[in-house]
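The values are calculated or read from the model by the stated rules, or taken from the named source; none is laboratory data. Source: prediction; values computed, not measured. Here the Cβ is made from the backbone with ideal geometry for all residues, glycine too, and neighbour counts use every protein chain on show.
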Amino acid sequence: MAHRILSRAVQVLVLTAVIYLVLGLGFHFAWKSALEACQQAREAAGEFVEPEVFWWPIGLVFDVLYWPVYAWANFYHDGTPLATPCTH
């Protein structure tokens, strides 16, 4: 009985982790797309565009793991979870 409860709990934790990571990947790619569009618009207007700070795998890991923090901060400051310099 205890083994079955523990097995079910592990399944729920693994499913939760997979959903969290999939949402993080979705956030990463949606935000990168919005950022790329913003950078292209800023370059076309002759503005300075910041270079990428982190090597892409590190940036991907940060986005996937900390997406709730980024989305909340973006929403708090700019009113959208996918804030870019163009949304300020």
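Structural remarks
- Residue within segment 5-21 that is surrounded by 11 or more Cβ atoms within 10 Å (Cβ to Cβ), without any contact (Cβ under 8 Å) to a residue 24 or more places away in the chain and of a type in the set (A, V, I, L, M) present: no
- Long-range neighbours under 6 Å by Cβ, at least six apart or interchain, first residue more than 15 Å from Tyr20 (Cβ to Cβ) within segment 41-68, second in a helix (DSSP H, G or I) and among the polar types (S, T, N, Q): Val49/Gln39
- Residue within segment 39-49 that is part of a helix (DSSP H, G or I), of a type in the set (A, V, I, L, M) and within 17 Å of His88 (Cα to Cα) present: yes
- Segment 61-88 - residue that is of a type in the set (A, V, I, L, M, F, W, C) and not in a helix (DSSP H, G or I) and, of those, nearest to Ala30 (Cα to Cα): Leu82
- Boolean, Val53 is at pLDDT below 95, in a loop (DSSP other than H, G, I, E, B), hydrophobic (A, V, I, L, M, F, W, C) and touching a helix residue (DSSP H, G or I) at 6+ places or on another chain (Cβ under 9 Å): yes
- Matching residues in segment 22-31 - criterion: being touching a residue at least 12 places away in the same chain (Cβ under 8 Å) and surrounded by fewer than 16 Cβ atoms within 10 Å (Cβ to Cβ): Leu23, Leu25, Ala30
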